[in-house]
1. What's the magnitude of the charge dipole for region 104-145 around its Cα centre, counting Lys and Arg as +1 and Asp and Glu as -1 at the beta-carbon? Answer in Debye, nearest 20.
2. How would you rank 40, 106, going from fewest to most other Cβ atoms within 10 Å of each one's own Cβ?
3. Placing +1 on the Cβ of each Lys and Arg and -1 on the Cβ of each Asp and Glu in the chain, which of 101, 159, 145 has its Cα farthest towards the positive end of the resulting dipole?
4. Determine Rg/Rh for the chain; Rg is computed over alpha-carbon atoms and Rh is the Kirkwood hydrodynamic estimate from the same atoms.
5. Going by how many other Cβ atoms sit within 10 Å of their own, how do 65, 42 line up, fewest first?
6. Run the quick spin-label model on residue 108 and residue 191: label points 7 Å from Cα toward the beta carbon, then report their separation in nm to one decimal.
7. If packing is taken as the average number of other Cβ atoms within 10 Å across a peptide's residues, how do 53-59, 124-130, 139-145 rank, most packed first?
8. Counting only residues 5 or more places away or on other chains, whose amide H sits under 5 Å from the amide H of residue 14 once H atoms are built in the peptide plane?
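No value in this document is a laboratory result; all are computed from the given coordinates. All values reported here derive from a predicted model rather than from experimental measurement. We place every Cβ from the backbone using ideal geometry, glycine too, and count neighbours over all the protein chains shown.
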Amino acid sequence: MVQNFLRVRLGRVVINGKANSEHLFDLCKKEKPPCIAVGWGEIDLSKNLDEIKREYLQEYKEPLERKELSEVKKWIAMNKGDGVIAMKSPGTICAVGEIISKKRYWKVDEKFRLILVGGRPYTEKKPYGEVLFFNRIDVKWITTPDKCVKVRSLCLSEPLENKLLLPQAIIKITANDFDLIQEAIESYVPTEGESPPKYNRTYDNYGKSGR
């Protein structure tokens, strides 16, 4: 089986009316074993794509297509042994890990029922909505999950930085990129008064996040 490498962006969660990008990752980190979680919790993404499409249509009264379809396909293609980079906003890598289980759907876990910026039913006037993070996959962390680093502090190439900062929930990266990011995190040492970001923040549209 071919090993895939992906970056999964966790949502900007709102707790008690305040944005809190730490909360979802903390929940995932404390699970036994630790996991990553994505939204669309009304839909069981551990099923095959045809079943997911039927459930999506029934739940949302519209077909699963475009960006959502692409991201769901990437999630259901994730397998044991794949590499994964977990990110939270704004532009921060939480940890690099390896998938150690099949995908699972844990509907009874209410602590993963969260309020998310851009979550359904999102509107411009009401930017928050409830998202159910019941779709999980277990991981083994390669880097310590307590060492979170902003992408722009890692001195990566501009194309790789911009790729990591894309607003999609899940993107594919190459094995070489995965290794570069892992090495950069493991060798990263924060310095006093770090210089400002080298590049303009081209892709950091975190207000309207994916699922």
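1. It works out to roughly 60 debye.
2. Going from sparsest to densest Cβ surroundings: 106, 40.
3. Highest projection toward the positive end goes to 101.
4. Ratio of gyration radius to Kirkwood radius for the chain: 0.95.
5. So the residues, fewest neighbours to most, are 65, 42.
6. In this crude spin-label approximation the distance works out to 5.2 nm.
7. Highest to lowest by the protection proxy: 139-145, 53-59, 124-130.
8. 20, 115, 116, 117
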